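The values are calculated or read from the model by the stated rules, or taken from the named source; none is laboratory data. Predicted, not measured: the structure shown is a model, and the values here were computed from it. All Cβ positions, glycine included, derive from the backbone under ideal geometry; neighbour counts span all protein chains shown.
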Amino acid sequence: MTNKSYCNRLGPLVEIKRARRGIYLAGLFFFLLVRIPAARCADAPQWMHIAANGALPAHDEKTNAVLLYSEDILSVQSNGKIKKVERRVYKILRPDGREYGTFHANFDAETKINNIHGWCIPSQGKDYEVKEKDAIETALLGVQNGELMTDLKSKILTIPAADPGNVIGYEIEQELRPYVMQDVWAFQRAEVPVREAHYSLQLPPGWEYKTVWLNHPEVPPSGGGGQWQWAVSDVTAIKPEGGMPPWQSVAGFMVISLFGNASGRVNGFQDWKAMGIWENGLANGRREVSPEIKKKTAEITATGATTLAKMRALAEFMQKDIRYVAIQLGIGGWQPHPAPEIFLHKYGDCKDKATLLSTMLSEIGVESYYLNINTERGTITPATPATRWFNHVVLAIRLPNDLNDASLHMVITYPKLGRLLIFDPTDEFTPFGNLRGELQESYALLVTPDGGELIKVPQLPAATNGVVRAAKLVLTSTGTLSGDFVEQRNGDYGTQQRASLKSVTKDADRVKFIETMVSHSLSAFQITKASSSNLNQIDQPFGYQYSLVAQNYAKTAGNLLLVRPRILGSNSSDLLEKKEPRLYPVEFDGPERNADTIEITLPAGYEVDDLPPPVNADYSFASYHSKTEVSGNVLRYTRAFEVKELSVPVSKMEDLKKLYRIIANDERNTAVLKPAGH
Amino acid sequence: MLVRRTFLLIFVFAFCMTVHDVRLASAGDEWQSINPEELKMTSEPQAPGAPAIILYRQVDRDDSDVRRAHEYNYIRKKIFTEEGRKFADVEIPLVKGKWDIQNIKARTIKPDGSIVNFDGKIYEKEIIKARGLKYLAKTFTLSDVQPGSIIEYHYMIDFAEYLVFDSNWVLSDDLFSKRSKFTLKPYGEWALQWSWPNGLPEGAKPPVNENKLIHMEAQDIPAFQAEDDMPPEAAMKYRVDFVYSEDGFEKEQEKFWKRQGKKMNEAAENFVNKRKAMEQAVAEIVAPSDSPDVKLQKIYARVQKIRNTSYELEKTEQEQKRAKEKEINNVEDVWKRGLGDGYQVTWVFLGLARAAGFDAAPVRIATRDDHFFKPNMMRTKDLNTNVVLVKLNGKDTYFDPGAAFTPFGLLPWSETNTSGLKLDKDGGTWVTTTLPESSVSQILRKADLNLVSDGSLEGKLTVTFTGLEAQWRRVGEHNEDEAHRKKLLEDYVKEIIPAGSEAELTNKPDWASSAPALVAEYTLKVPGWVSGAGKRALFPVGLFSGPEKHMYEHSTRVHPLYFRYPFEKTDDVRIELPLGWQVGSLPQAVNNDAKVMAYSLKVENNKGSLHLERHLRSDLTILEQKYYGALRNFYQSVSSGDDQQIVLQPIGASGGN
């Protein structure tokens, strides 16, 4: 209930920073953890010994640990305060399972840790015990995406002797005052099978609850009279796979909403409308305009002849001039700062940026609404109960009736409000009218004064995203290939390059992105000229123009010359080249269409002896077409790869594997040249 | 007067200086005057493309009054791009009870010269809190920062009373620094020594001591940029180190090391001097008839069987208490208890070798994994580990059995080709440890495969890792289980084959010993290795060329290149063609001998059986930046050679060649 990671900018770029921070933290934590003073030895509690003596759940030889016992007890007081007890017992099976011996409990201003204990029952010798005074505390685990400040902290404890063969366990007792009376029981684990998991709920008189099960058959509770218990057993581990759907759409959960009279707190959400009302209430008064905002809005829009031009100017201001900074304290994890404050400082997080843009749009007579979304497609589905599993806020902008423009792609029609343009002001690189792939084909909560409604963000045409490459090249009889490439990088492909180029610290490094890309296809080459276009004009497609010389590109074999016409780029993947059968669907980043047109002028005195066959592979989810032709002394290779559906179910996995192999073969195919007249 | 200096504080300080972007700035006027030229700047010619630069940085440390030691920091940055605005987020570390950050002042100067004083909140972020320790950071962000803005802030670090410790000025920053000024007013009761181990930025004059104030200025310090295969950062960044000593410093290098050498020798000899115990022990290990080689090998092998606690997982204090491990004071303790750390184990080897009649000496060396040893720095701690020098059959040979899994006659890579002090009662003599030849550390890949009709390769593969190639893999896996080791070896094969492949380990490699070779056997399948070309089929020759595919992608380089040890890779691959197919043409043999690097490739056809031999050798450990282009060209030629194709065609078809 304490996760407040309510903002997500461009994921991959941010992840790099997190990873780097993690490296030094890991070292520091280790330094401290191994120096934690000794606590007295004490026997592990009875519940842990009982669990330790039970049979192991089914597992394979790669399993690092099994969860023998899991128990969550939620006791609600009449004033809405909650006491929560969490118990876990693991058996460590392999050396890599030692990581389960380090556990943490999160807390913030609304959550207090009353007690935290850990024990080890070694296979030989006396039990070990560690207590709260042995813990280290940090605010860094709660920091995501480089937020400047958050009040979310963690206590971390390391249990001694968490070695293979030993059983470790812990108990955390907390007092919670959640902003929303809702809990989530996550009983399924990644890579750890669960033997038994229990959840107990105690409610005071007059309180009610509602549960929704996700990705697991519903289990009826036992008990009654204010006390209920649920139990599941032998829950298989989820084995992570590359490109799999998000955790919330594959793991078993029970979402528990509570209804009573918690003072100053909101009951669990009955539905999305109720959640929308709460969200709207949080933003109440936050979009009031200040004289400074009025003035700036007038200044920005002064030269815009049309409403669309004014909207674009405001969007650009928000993308470029309002810096991303997140300060999330208390309810600030959920509630935006007031627009005048955001404008004054010229910084804010995603909901702040949405708030200020909404305020400025309102000044030019354009309505807009918050749209809560998750950057991992599939986290929220129509089956998901109303819960705060969103991590980002964008804006749904109501388009004036007379505004029709072909550049506005991401438009939905919402019955009550008409046409809405979905725009992410936190995304510095995606132009007004578009939306990056990870947010497409996703469910999002539209927040309006009437409440909220789950709506589906549509998928844009494949042609809005991808690489369109054209090359005119000359091959010599010694195998040297030289010539010019022109690339247009649309959508997310342009965004990635813009973000990368803007992060370089010296001009000389700009060419490195091209060198890296080319080196994945050519073994020996020199980039002789390189430039980019529309780096800062995000409403125009980003482009690269470069020239190269590749020595020994064509290989001699006897008197033959072997030429791979594909030259650059790859659309294949070895994602499915695994021994184990695929368990989960494959999710694409977004729709895309990549197209290559390569023209190679052949060396004098050579003619084509053999050409690769054309490829035509069409599936419901994707297609690939390629063709190699000769016209005079020019070898012409064209190909197109298109992603049409963003999720490929397991039932079509063999087709996807086959498609990737077809593409891989085509990418390696070679044209054979021979001396003319032979 | 009580002055506390602890290892912990040095650690804490090092942590802060390393981790955080913020650099520490003299009292005086609160703000430096604004130069209109700085306001107009849109770029810095000496740092083209930089998102921001440091215009001015000032660090004034005053240790003179141990009750009020403090450090004033002032920093001014110019923001050039949107990306550079991130430098408006400031984080200043502190350790509660040890030092505090006071009087933080900050402001933004907009391109038009208007000033936005920082009046926002300064947060105190908890980095780590544990028993008796509290690491915090004061954090804030400046308002209204845009490209063209200048941001600046200053603050005071107030150290706790009686807290004086070694410090440094790290001159290199992630950003180009236009002008920097540093001062240190030292604590007067102790001697202070300062040095700049990696040199100073071009044009910078060394620190000067005037009127008990050490000061220096530097201009135009390039931004520090990390690169792959570069020497350790600690050996590359410009910095000035300050070291206090209660006992004073020896000014002459030779005298210093003589004195330290004597001390180290005394400590080593006191630990080793258990002649009787060692003689008894050695009698159990060797036979009188053993040759010197055999004797020493037996001793080495036996010593490596001692439980080496340096390679065990670090125990929590509870586990240590329960283990009741007593202090070890000499080689006899190690021998009797059957355990010791790596350092102690190596000295046991010294004791046993001497007891067996060998001329053996203790040597303290500096490992080259973190920084490069410079004797003129006169830092004893740089000689951070020990080896034993034995005269074996008239030849000086170095041994470190305390470094687990190191084969007889070898040292771990970080101990090779590095300086050390061979200890004796007179202080010792300087030596350099040996660097093993490339042939010592090899990866041999021998495959017997069949090309099947669907274009796949199937068969058996044996990979033999020798010397240091075996040693580091064994060290890395010593606390892992069989499943982990199996995965490591199978993943290795997938990495070296530049296509999807299936490898299944079929043997149980010897992970436990220090044998020179670690052998892994597999069944291997590479689907679709052969591609079609009309009536022909093409077979790429670089089956195990994956690691060399994307070496040195970029045409420019800033730092020298640094490699751990010389190595060789040898491939011996035999492939049976399917019935009905024959070789149309073979690629020409390649033999590229660039002295310190060499690559050769040869393919033969023996009646439908292909034989591929590929050899790659590197004798490099360090290479100047100016030779980067040559190295890149070499690897491009390797990759080009590996991309060559064997043309296959149906028997009876005319290939036109």
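Given the criteria over 30 Å from B:TRP194 (Cα atoms) and out of contact with any Cys (no Cβ under 6 Å at 6 or more places or on another chain), does B:ASN168 qualify?
Values: over 30 Å from B:TRP194 (Cα atoms): no; out of contact with any Cys (no Cβ under 6 Å at 6 or more places or on another chain): yes.
So B:ASN168 fails the test.
Hey, could you check segment A:315-324 for residues that are touching a helix residue (DSSP H, G or I) at 6+ places or on another chain (Cβ under 8 Å) and farther than 20 Å from A:ILE373 by Cβ and say which is farthest from the other protein chains (Cβ to nearest Cβ)?
My answer is A:PHE317.
Only strands (runs of 3 or more DSSP E) wholly contained in segment B:208-308 count here; list those with 3 or more residues that are buried (at least 17 other Cβ atoms within 10 Å of the Cβ).
B:213-221, B:239-245
Identify the residue in segment B:512-532 that is surrounded by fewer than 17 Cβ atoms within 10 Å (Cβ to Cβ) and among the hydroxyl-bearing types (Ser, Thr, Tyr) and, among all such residues, is nearest to the other protein chains (Cβ to nearest Cβ).
Filtering segment B:512-532 for residues that are surrounded by fewer than 17 Cβ atoms within 10 Å (Cβ to Cβ) and among the hydroxyl-bearing types (Ser, Thr, Tyr), the one nearest to the other protein chains (Cβ to nearest Cβ) comes out as B:THR523.
For segment B:152-194, enumerate the residues that are within 14 Å of another protein chain (Cβ to nearest Cβ) and over 12 Å from B:ARG57 (Cα atoms). First the steps, then the outcome.
At the first step, the residues of segment B:152-194 found to be within 14 Å of another protein chain (Cβ to nearest Cβ) are B:172-177.
Within segment B:152-194, just B:ASP174 meets the criteria.
Would you confirm whether or not segment A:434-442 contains a residue that is within 25 Å of A:GLN319 (Cα to Cα) and surrounded by fewer than 21 Cβ atoms within 10 Å (Cβ to Cβ)? Walk me through it before giving the result.
Here is the first cut: in segment A:434-442, the residues within 25 Å of A:GLN319 (Cα to Cα) are A:434-442.
This time we only want the ones that are surrounded by fewer than 21 Cβ atoms within 10 Å (Cβ to Cβ), so: A:441.
Yes, segment A:434-442 contains at least one residue that is within 25 Å of A:GLN319 (Cα to Cα) and surrounded by fewer than 21 Cβ atoms within 10 Å (Cβ to Cβ).
Could you identify the single residue in B:LEU612, B:LEU601, B:LEU586 that is touching a Pro at 6+ places or on another chain (Cβ under 8 Å) and surrounded by 15 or more Cβ atoms within 10 Å (Cβ to Cβ)?
It is B:LEU601.
How many of the residues making up segment B:311-348 are at pLDDT 85 or above, assigned to a helix (DSSP H, G or I), buried (at least 16 other Cβ atoms within 10 Å of the Cβ) and more than 30 Å from the chain's Cα centre (by Cα)?
Matching residues across segment B:311-348 total 5.
Would a scan of segment B:264-286 turn up a residue that is among the polar types (S, T, N, Q) and under 30 Å from the mean Cα position of the chain (by Cα)?
To start, the set of residues in segment B:264-286 that are among the polar types (S, T, N, Q) comprises B:265, B:270, B:273, B:280.
Imposing the further condition that a residue be under 30 Å from the mean Cα position of the chain (by Cα) reduces the set to B:265.
Yes; the residues of segment B:264-286 include at least one that is among the polar types (S, T, N, Q) and under 30 Å from the mean Cα position of the chain (by Cα).
Can you spot a residue in segment A:442-453 that is touching a Leu at 6+ places or on another chain (Cβ under 8 Å) and closer than 27 Å to A:TYR553 by Cα?
Scanning segment A:442-453, I find no residue that is touching a Leu at 6+ places or on another chain (Cβ under 8 Å) and closer than 27 Å to A:TYR553 by Cα, so the answer is no.
So, in segment B:572-598, exactly how many residues are more than 30 Å from B:THR367 (Cα to Cα) and within 29 Å of the chain's Cα centre (by Cα)? Full working, then the answer.
Pass one, segment B:572-598, residues more than 30 Å from B:THR367 (Cα to Cα): B:572-593.
Of the ones still in play, those that are also within 29 Å of the chain's Cα centre (by Cα) are B:593.
Final tally of qualifying residues: 1.
Is there any pair with a first residue in segment A:346-361 that is away from every other protein chain (no Cβ under 14 Å) and a second that is among the aromatic types (Phe, Trp, Tyr) whose Cβ atoms are under 7 Å apart and which are 6 or more apart or on different chains, and what are they?
A:LYS351/A:TYR6; A:ALA354/A:TYR370
For A:GLN497, state whether it is surrounded by fewer than 21 Cβ atoms within 10 Å (Cβ to Cβ) and polar (S, T, N, Q).
Taking the combined requirement at face value, the residue does not satisfy it.
Go through segment B:165-179 and give me each residue that's touching a strand residue (DSSP E or B) at 6+ places or on another chain (Cβ under 7 Å), under 24 Å from B:TYR244 (Cα atoms) and either outside any strand (DSSP E or B) or hydroxyl-bearing (Ser, Thr, Tyr) (or both).
Keep residues of segment B:165-179 that are touching a strand residue (DSSP E or B) at 6+ places or on another chain (Cβ under 7 Å), which gives B:166-179.
Among the residues that remain, those that are also under 24 Å from B:TYR244 (Cα atoms) are: B:166-172.
Within segment B:165-179, B:ASP166, B:SER167, B:LEU171, B:SER172 meet the criteria.
Counting only residues that are surrounded by fewer than 19 Cβ atoms within 10 Å (Cβ to Cβ) and within 14 Å of chain B (Cβ to nearest Cβ), how many does segment A:50-93 have?
Summing the residues that are surrounded by fewer than 19 Cβ atoms within 10 Å (Cβ to Cβ) and within 14 Å of chain B (Cβ to nearest Cβ) in segment A:50-93 gives 4.
If I ask for residues that are more than 9 Å from chain A (Cβ to nearest Cβ) and in contact with a Cys (Cβ under 9 Å, 6 or more places away or on another chain), which ones from segment B:116-136 would you list?
Result: no residue meets the conditions.
Could you please find all residues in segment B:431-473 being β-branched (Val, Ile, Thr) and either assigned to a helix (DSSP H, G or I) or farther than 14 Å from B:THR570 by Cα (or both)? Let's see the steps before the verdict.
Residues of segment B:431-473 that are β-branched (Val, Ile, Thr), as a first pass: B:431-434, B:440, B:443, B:452, B:462-464, B:466.
Residues satisfying the conditions are B:VAL431, B:THR432, B:THR433, B:THR434, B:VAL440, B:VAL452.
Looking at (1) closer than 24 Å to B:SER456 by Cβ; (2) away from chain B (no Cβ under 14 Å); (3) out of contact with any helix residue (DSSP H, G or I) (no Cβ under 8 Å at 6 or more places or on another chain); (4) assigned to a strand (DSSP E or B), can you tell me which one A:LYS627 breaks?
(1)
Any residue at all in segment B:502-511 that is within 14 Å of chain A (Cβ to nearest Cβ), within 23 Å of B:LEU468 (Cα to Cα) and at pLDDT 95 or above? Don't jump to the end; show me each part of the working.
We begin by selecting, within segment B:502-511, every residue within 14 Å of chain A (Cβ to nearest Cβ); these are B:502-505, B:511.
Those left that are additionally within 23 Å of B:LEU468 (Cα to Cα): B:505, B:511.
Cutting the leftovers down to at pLDDT 95 or above gives us B:505, B:511.
Checked segment B:502-511: at least one residue is within 14 Å of chain A (Cβ to nearest Cβ), within 23 Å of B:LEU468 (Cα to Cα) and at pLDDT 95 or above.
For segment A:504-558, list the strands (runs of 3 or more DSSP E) that sit wholly inside it and hold at least 2 residues that are closer than 26 Å to A:ASN434 by Cα and more than 12 Å from chain B (Cβ to nearest Cβ); which are they?
Strands (runs of 3 or more DSSP E) meeting the threshold: A:526-533, A:542-550.
Restrict the check to segment A:454-466 and report whether at least one residue is more than 26 Å from the chain's Cα centre (by Cα) and in a strand (DSSP E or B). Talk me through it step by step, then tell me what you get.
Initial filter on segment A:454-466 (more than 26 Å from the chain's Cα centre (by Cα)): none.
So far as segment A:454-466 goes, no, none of its residues is more than 26 Å from the chain's Cα centre (by Cα) and in a strand (DSSP E or B).
Any residue in segment A:314-325 that is modelled with pLDDT of 95 or more, more than 30 Å from A:GLN540 (Cβ to Cβ) and not charged (D, E, K, R)?
So far as segment A:314-325 goes, no, none of its residues is modelled with pLDDT of 95 or more, more than 30 Å from A:GLN540 (Cβ to Cβ) and not charged (D, E, K, R).
Mind checking which residues of segment A:159-189 are surrounded by fewer than 22 Cβ atoms within 10 Å (Cβ to Cβ) and within 14 Å of another protein chain (Cβ to nearest Cβ)?
A:ASP163, A:PRO164, A:GLY165
Here are some residues: A:LEU561, A:LEU602, A:LEU568, A:LEU583. Which one is more than 9 Å from chain B (Cβ to nearest Cβ) and farther than 23 Å from A:SER523 by Cβ?
A:LEU583
Within segment A:563-610, work out how many residues are crowded, with 20+ Cβ neighbours inside 10 Å, of a type in the set (A, V, I, L, M) and at pLDDT below 95.
Residues flagged as crowded, with 20+ Cβ neighbours inside 10 Å, of a type in the set (A, V, I, L, M) and at pLDDT below 95 within segment A:563-610 amount to 1.
With the checklist (1) touching a Lys or Arg at 6+ places or on another chain (Cβ under 7 Å); (2) closer than 24 Å to A:SER263 by Cβ in hand, flag the one item A:GLY169 doesn't pass.
So the condition that A:GLY169 fails would be (2).
Going residue by residue through segment A:139-152, is there one that turns out to be under 25 Å from A:LYS91 (Cβ atoms) and in contact with a strand residue (DSSP E or B) (Cβ under 6 Å, 6 or more places away or on another chain)?
no
Condition (residue is surrounded by fewer than 17 Cβ atoms within 10 Å (Cβ to Cβ), of a type in the set (A, V, I, L, M, F, W, C) and in a strand (DSSP E or B)) applied to segment A:633-643: is it met by at least one residue?
Yes, there is a match, as at least one residue in segment A:633-643 is surrounded by fewer than 17 Cβ atoms within 10 Å (Cβ to Cβ), of a type in the set (A, V, I, L, M, F, W, C) and in a strand (DSSP E or B).
Just to be sure, is B:LEU468 hydrophobic (A, V, I, L, M, F, W, C) and touching a helix residue (DSSP H, G or I) at 6+ places or on another chain (Cβ under 6 Å)?
Taking the combined requirement at face value, the residue satisfies it.
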